[in-house]
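The values are calculated or read from the model by the stated rules, or taken from the named source; none is laboratory data. Just so it is clear, the structure is predicted and the values come from calculations on it, not from any experiment. Every residue, glycine among them, receives a Cβ derived from its backbone with ideal geometry; neighbour counts consider all protein chains shown. We work out accessible area using only protein heavy atoms, side chains counted, and drop any ligands, DNA or RNA first. Shrake-Rupley method; radii C 1.70, N 1.55, O 1.52, S 1.80 Å.
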Amino acid sequence: MHKLLDLLSDPWPWYVAGPLIGLMIPTLLFVINKDFGISSSYRHMCAAVGLKQIRFFDYDWKEHSWSLFFVLGVFLSGFLVALIFPNPDTIHLSENFIIWLQEQGVSDVSGFLPSEIFQWEHLSSSRSLIILIGGGFLIGFGSRYAGGCTSGHAIMGLSQFSIGSLIAVIGFFIGGLIVSWFVLPIILKL
Amino acid sequence: MKSIKAIFIGILFGIILIKSEAVSWFRIQEMFHFESFHMYGIIGSAIITGAISLLVIKKTKMRSLTGDKINPQPQPLKKFSNFIGGILFGFGWALLGACPGPLYGLLGLGYSIILVPICSAILGVVCYALVRDKLPH
């Protein structure tokens with residue numbers, strides 16, 4: 001049993017995790033007959049709290065309530081992992097990348113998030129504000145404008161050979177590369 | 001019953017996202033800097049597995065657990081909004097180092113600060129809803 005927990009605790013390699021994520025598509029279709037996607041959950045939350053005067057939220061959200069339960073499950077998975085088989089403290093990042101991070105002023109590479117940015121006590125700093133509020137706003141606005149996010153377009157859409165999803169995913173990477181290479185270094189030094 | 005099933009599948013999905021480190025800010029930035037194959041391997045093999053699964057479902061005319069026809073909806077093609085919305089999403093993805101699924105998982109892991117980007121994302125959706133009719137699609 002301990003051996004098994006050790007095996008589960010170690011970070012899972014991509015060739016295990018990737019296919020398992022892909023299998024979420026047939027699992028969702030077979031068990032509850034729903035299309036894989038995460039970001040629409042934000043829209044359903046708005047509809048559920050009754051923003052009906054806005055036409056975009058005026059529909060029967062209960063038909064999509066599975067989406068809210070699905071993301072509740074993702075939330076609960078965090079509890080479970082932290083309690084039963086937490087990840088090792090530090091991720092094995094490439095040496096080059098750690099050096100680059102240090103040059104940008106990110107010295108703590110433990111955990112999942114850089115502690116110098118993702119902490120309540122740093123929220124008043126301009127770089128945390130831009131990253132947390134700006135980044136959040138853009139993924140919300142962008143995913144609805146694009147019609148999906150990494151799960152709905154990149155995983156589900158590309159699995160269906162959808163041209164619209166391919167265009168969206170190209171957009172994801174153009175936007176991501178621009179920010180990660182040229183904008184983030186400026187913001188991290190604020 | 002459907003809600004319990006959805007929660008259960010969500011838990012499975014979340015465990016995979018966390019154990020594969022796909023929820024990590026560092027992993028996402030490392031991906032955009034082409035310093036590791038890890039995230040490309042995850043996304044690529046997920047798409048291949050998903051595509052094969054969908055082809056099998058189609059070929060075998062598989063039915064769902066409740067006996068209904070399985071008929072996944074194709075994503076509508078809206079070139080302009082797919083592309084521009086995609087770029088905006090990409091900006092946010094790289095800024096935050098996380099996309100919507102991992103945000104929920106990180107919150108569950110105890111990173112309570114993630115409430116800030118989640119609320120902000122919801123605000124982004126509300127703003128989109130307000131300006132939607134004025135935007136080209």
Exercise. Using a 1.4 Å probe on the heavy atoms of the protein chains only, list every residue of segment A:116-160 that has 50 Å² or more less accessible area in the complete assembly than in its chain alone.
Key: A:F118, A:W120, A:L132, A:F137, A:L138, A:I139, A:F141, A:Y145, A:T150, A:S159, A:Q160
Exercise. Divide by every residue of chain A the summed helix terms, -39500 (n - 2.57) for each DSSP H run of at least 4, and state the resulting mean residue ellipticity at 222 nm, rounded to the nearest 500 deg cm²/dmol.
Key: -15500 deg cm²/dmol
Quiz item: Taking a 1.4 Å probe, which of B:C119, B:C99 shows the most accessible area, and what order do the others take after it?
Solution: B:C119, B:C99
Quiz item: Using the Cα gyration tensor of segment B:67-137, with a ≥ b ≥ c the square roots of its eigenvalues, what is the shape: rounded (a/c below 1.5), prolate (a/b larger than b/c) or oblate (neither)?
Solution: oblate
Quiz item: Share of segment A:47-174's accessible area from carbon and sulfur, percent, 1.4 Å?
Solution: 65
Quiz item: When only C-alpha pairs under 8 Å and at least 6 residues apart count, what is the relative contact order of chain A, in percent?
Solution: 24
Self-check item: For segment A:8-21, 3J(HN,Hα) per residue [Karplus equation, 6.51 cos²θ - 1.76 cosθ + 1.60, θ = phi - 60°, Hz, x = Gly/Pro]
Solution: 6, 6, 4, x, 7, x, 4, 6, 9, 5, x, x, 5, 5
Self-check item: Spatially proximal lysines relative to B:K19 (Cα-Cα < 29 Å; intrachain offsets below 8 disregarded)
Solution: A:K3, A:K34, B:K2, B:K5
Practice problem: For chain B, calculate the relative contact order in percent as a whole number, restricting contacts to Cα pairs under 8 Å that are 6 or more residues apart. | Solution: 31
Quiz prompt | Chains A and B together, accessible area buried on both sides, 1.4 angstrom probe, square angstrom | solution = 10600
Exercise. Using a 1.4 angstrom probe on heavy atoms only, work out the carbon and sulfur share of the accessible area of chain B in %.
Key: 69
Self-check item: Normalised contact order of segment A:90-137, rounded percent, pairs of Cα under 8 Å and 6 or more residues apart
Solution: 25
Quiz prompt | Cα gyration tensor, chain B - rounded (a/c under 1.5), prolate or oblate | solution = rounded
Self-check item: A:D6 versus A:I186: modelled label distance in nm, points set 7 Å from Cα along the beta carbon direction
Solution: 5.0
Exercise. Enumerate by residue number the trypsin sites (Lys or Arg not before Pro) in segment A:43-135 meeting two conditions: DSSP loop (anything except H, G, I, E, B), and at most 16 other Cβ atoms within 10 Å of the site's Cβ.
Key: A:K52
Exercise. Between A:P26, A:P13, A:P114, find the one with the highest GNM mean-square fluctuation for chain A; connect C-alpha pairs within less than 10 Å.
Key: A:P13
Quiz prompt | Radius of gyration, Dmax [the protein assembly as shown; alpha carbons; angstrom] | solution = 18.7, 58
Quiz item: How large is the accessible surface per residue of segment A:1-114, computed with a 1.4 Å probe and reported in Å² as a whole number?
Solution: 51
Quiz item: Shape call for segment A:1-59 from the C-alpha gyration tensor, a ≥ b ≥ c root eigenvalues: rounded (a/c under 1.5), prolate (a/b greater than b/c) or oblate?
Solution: prolate
